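Engineer: Have a look at this one.
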Amino acid sequence: MSNTKSQYQLTPREIDILYTIWDADRPLMASEMASEELKLATVHTTLKRMLRKNLLEVVDFAKSGNVFGRCYQPTFTMKEFELDMLSTAFKNRRCKEITVANFIEELLKDMDADEALVMLDELEKAVKELREKIVSKGA
């Protein structure tokens, strides 16, 4: 079995920090990321590692109390990250009987009808665009 790896090799702490920043919808200082579960010292250690791995960038400096600190933001979007995670999980599935079509069917089966129809419209548009792209490459 081939084991496809995510382009993002992240630890659980790194993932926690990314979601904290994405949920805030703005760059954050280390002190703003710390919590009961995620101590400030751990945040600082993790931020250093994430900067070395180019997962984060410093985009600003802000004042917190009487101290200035760096503000961090991810170098990629939540959408890019989650699509990579889903794609990697799908490629690594053990049951090869699961196709893209029946995976989508499974995702849609519990949605209400209006939501499912919107998703199907988006899917039809995406399929059409991908088909045209593939055909134009072959021509």
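Engineer: Is it the case, given these coordinates, that Leu38 is at negative phi, modelled with pLDDT under 95 and in contact with a helix residue (DSSP H, G or I) (Cβ under 9 Å, 6 or more places away or on another chain)? Quick ask: steps written out before the conclusion?
Structural biologist: Working: at negative phi: yes; modelled with pLDDT under 95: yes; in contact with a helix residue (DSSP H, G or I) (Cβ under 9 Å, 6 or more places away or on another chain): yes.
It is true that Leu38 is at negative phi, modelled with pLDDT under 95 and in contact with a helix residue (DSSP H, G or I) (Cβ under 9 Å, 6 or more places away or on another chain).
Engineer: Still on this structure: Just to check your reading of the model, which residue among Asp110, Asp121 is free of Cβ contacts under 8 Å to residues at least 24 places away in the same chain, over 20 Å from the mean Cα position of the chain (by Cα), at negative phi and exposed (fewer than 10 other Cβ atoms within 10 Å of the Cβ)? Reasoning before the result, please.
Structural biologist: Details: Asp121 fails: exposed (fewer than 10 other Cβ atoms within 10 Å of the Cβ).
Criteria check complete, one pass: Asp110.
Engineer: Filter the range 17-35 down to residues that are of a type in the set (Asp, Glu) and at pLDDT below 95, then give me how many there are.
Structural biologist: Within the range 17-35, the first condition is being of a type in the set (Asp, Glu), and the residues that meet it are 23, 25, 32.
This time we only want the ones that are at pLDDT below 95, so: 32.
Looking only at that region, the number is 1.
Engineer: Restricting to the range 1-33, what's the tally of residues that are in contact (Cβ under 8 Å) with a residue 60 or more places away in the chain and under 15 Å from the mean Cα position of the chain (by Cα)?
Structural biologist: 5
Engineer: Would you check if Glu36 is more than 19 Å from Ala62 (Cβ to Cβ), under 14 Å from the mean Cα position of the chain (by Cα) and either surrounded by fewer than 11 Cβ atoms within 10 Å (Cβ to Cβ) or free of Cβ contacts under 8 Å to residues at least 60 places away in the same chain (or both)?
Structural biologist: Values: more than 19 Å from Ala62 (Cβ to Cβ): yes; under 14 Å from the mean Cα position of the chain (by Cα): no; either surrounded by fewer than 11 Cβ atoms within 10 Å (Cβ to Cβ) or free of Cβ contacts under 8 Å to residues at least 60 places away in the same chain (or both): yes.
Criteria not met by Glu36.
Engineer: Follow-up. Applying the selection to the range 8-33, what residues are polar (S, T, N, Q) and either more than 20 Å from Thr77 (Cβ to Cβ) or surrounded by fewer than 11 Cβ atoms within 10 Å (Cβ to Cβ) (or both)? If you could, list the steps in order and put the result at the bottom.
Structural biologist: Here is the first cut: in the range 8-33, the residues polar (S, T, N, Q) are 9, 11, 20, 31.
Within the range 8-33, Gln9, Ser31 qualify.
Engineer: Residue under question is Lys96, and the condition is that it be assigned to a loop (DSSP other than H, G, I, E, B), free of Cβ contacts under 8 Å to residues at least 40 places away in the same chain and more than 17 Å from the chain's Cα centre (by Cα); does it hold? I'd like the intermediate steps shown before the answer.
Structural biologist: On the way: assigned to a loop (DSSP other than H, G, I, E, B): yes; free of Cβ contacts under 8 Å to residues at least 40 places away in the same chain: yes; more than 17 Å from the chain's Cα centre (by Cα): yes.
Against the criterion (assigned to a loop (DSSP other than H, G, I, E, B), free of Cβ contacts under 8 Å to residues at least 40 places away in the same chain and more than 17 Å from the chain's Cα centre (by Cα)), Lys96 qualifies.
Engineer: Consider the range 54-69. How many of its residues are in contact with a Lys or Arg (Cβ under 9 Å, 6 or more places away or on another chain), part of a strand (DSSP E or B) and closer than 15 Å to His44 by Cα?
Structural biologist: Taking the range 54-69 first, the residues in contact with a Lys or Arg (Cβ under 9 Å, 6 or more places away or on another chain) are 55, 58-62, 69.
Then drop every residue that is not part of a strand (DSSP E or B), which leaves 58-62, 69.
Pick out the ones that are also closer than 15 Å to His44 by Cα and you get 58, 69.
The qualifying residues number 2.
The values are calculated or read from the model by the stated rules, or taken from the named source; none is laboratory data. Since this is a predicted model, take the numbers as computed values, not measurements. Heads up, the Cβs are rebuilt from the backbone with ideal geometry, glycines too, and the neighbour counts pull from every protein chain shown.
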